[in-house]
Amino acid sequence: MEPNLSQALHLLNGQTTHGRVEQGGVVAKMLADKKDPEQVIENLYVRCVGRKPTETELSTLRGYLPQDPTERKKVLDDVFWALLNSEEFMFNH
(Lines give C-alpha, C1' and ligand atoms only; values in the text may rest on other atoms or scores of the structure.)
Protein backbone atom coordinates (compact mmCIF):
# COMPACT_ATOMS: atom_id res chain seq x y z
CA MET A 1 0.00 0.00 0.00
CA GLU A 2 1.41 3.40 -0.96
CA PRO A 3 0.94 6.44 1.24
CA ASN A 4 -1.38 9.12 -0.07
CA LEU A 5 -1.29 12.90 0.25
CA SER A 6 -3.72 12.91 3.16
CA GLN A 7 -1.53 10.53 5.15
CA ALA A 8 1.61 12.53 4.40
CA LEU A 9 -0.04 15.78 5.47
CA HIS A 10 -1.28 14.17 8.67
CA LEU A 11 2.24 13.06 9.56
CA LEU A 12 3.62 16.52 8.85
CA ASN A 13 0.86 18.62 10.39
CA GLY A 14 -1.11 16.30 12.66
CA GLN A 15 -0.79 15.91 16.37
CA THR A 16 -0.07 12.17 16.26
CA THR A 17 3.66 12.35 15.67
CA HIS A 18 4.14 15.50 17.72
CA GLY A 19 2.14 14.07 20.62
CA ARG A 20 4.12 10.85 20.62
CA VAL A 21 7.41 12.75 20.58
CA GLU A 22 6.35 14.63 23.71
CA GLN A 23 4.67 11.70 25.47
CA GLY A 24 7.57 9.36 24.79
CA GLY A 25 9.86 11.62 26.74
CA VAL A 26 12.98 10.60 24.83
CA VAL A 27 14.43 14.12 24.74
CA ALA A 28 13.35 14.89 28.30
CA LYS A 29 15.07 11.75 29.58
CA MET A 30 18.33 12.56 27.79
CA LEU A 31 18.29 16.09 29.17
CA ALA A 32 17.53 14.75 32.66
CA ASP A 33 20.56 12.46 32.24
CA LYS A 34 22.61 15.65 31.71
CA LYS A 35 23.36 15.03 28.05
CA ASP A 36 24.35 18.20 26.24
CA PRO A 37 22.26 19.28 23.23
CA GLU A 38 24.80 17.98 20.70
CA GLN A 39 24.74 14.54 22.34
CA VAL A 40 20.94 14.59 22.19
CA ILE A 41 21.00 15.51 18.49
CA GLU A 42 23.51 12.76 17.75
CA ASN A 43 21.39 10.22 19.64
CA LEU A 44 18.24 11.31 17.77
CA TYR A 45 19.97 10.92 14.41
CA VAL A 46 21.18 7.44 15.31
CA ARG A 47 17.69 6.46 16.53
CA CYS A 48 15.85 7.84 13.52
CA VAL A 49 18.11 7.45 10.51
CA GLY A 50 20.77 5.05 11.75
CA ARG A 51 23.72 7.42 11.44
CA LYS A 52 25.34 10.36 13.16
CA PRO A 53 24.60 13.83 11.81
CA THR A 54 27.06 15.27 9.33
CA GLU A 55 29.11 18.25 10.45
CA THR A 56 26.92 20.45 8.23
CA GLU A 57 23.72 19.15 9.83
CA LEU A 58 25.14 19.53 13.32
CA SER A 59 26.39 23.03 12.58
CA THR A 60 22.99 24.06 11.23
CA LEU A 61 21.17 22.67 14.25
CA ARG A 62 23.59 24.36 16.66
CA GLY A 63 22.37 27.66 15.23
CA TYR A 64 18.81 26.88 16.33
CA LEU A 65 19.67 25.99 19.92
CA PRO A 66 18.58 28.74 22.30
CA GLN A 67 20.91 30.05 24.98
CA ASP A 68 18.20 29.52 27.58
CA PRO A 69 18.42 25.87 28.73
CA THR A 70 14.71 25.81 29.57
CA GLU A 71 13.88 26.39 25.89
CA ARG A 72 16.16 23.65 24.55
CA LYS A 73 13.72 20.78 25.10
CA LYS A 74 11.20 22.31 22.71
CA VAL A 75 13.81 22.81 20.00
CA LEU A 76 15.20 19.29 20.47
CA ASP A 77 11.65 17.84 20.36
CA ASP A 78 11.22 19.70 17.06
CA VAL A 79 14.47 18.15 15.76
CA PHE A 80 13.13 14.71 16.72
CA TRP A 81 9.82 15.43 14.96
CA ALA A 82 11.64 16.69 11.85
CA LEU A 83 13.78 13.55 11.69
CA LEU A 84 10.69 11.35 11.98
CA ASN A 85 9.19 13.25 9.04
CA SER A 86 12.33 13.23 6.92
CA GLU A 87 12.52 11.32 3.66
CA GLU A 88 15.53 9.47 5.00
CA PHE A 89 13.45 8.06 7.87
CA MET A 90 10.27 7.41 5.88
CA PHE A 91 11.90 5.66 2.95
CA ASN A 92 14.65 3.78 4.77
CA HIS A 93 12.85 2.60 7.90
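Assorted remarks:
- Search result, residues across segment 55-73 that are touching a helix residue (DSSP H, G or I) at 6+ places or on another chain (Cβ under 9 Å) and not aliphatic (A, V, I, L, M): E57, R62, Y64, P66, P69, R72, K73
- Pair list, Cβ < 6 Å and 6+ apart or interchain, from segment 33-55 residues that are more than 22 Å from Q67 (Cβ to Cβ) to residues that are charged (D, E, K, R) and assigned to a loop (DSSP other than H, G, I, E, B): Y45/K52
- All of V40, V21 fail the test of being among the β-branched types (V, I, T), part of a helix (DSSP H, G or I) and modelled with pLDDT of 90 or more, apart from V40.
The values are calculated or read from the model by the stated rules, or taken from the named source; none is laboratory data. From a predicted model like this one, the values you see are computed outputs, not experimental measurements. FYI the Cβ positions are ideal-geometry reconstructions off the backbone, even for glycines, and counts take in every protein chain you see.
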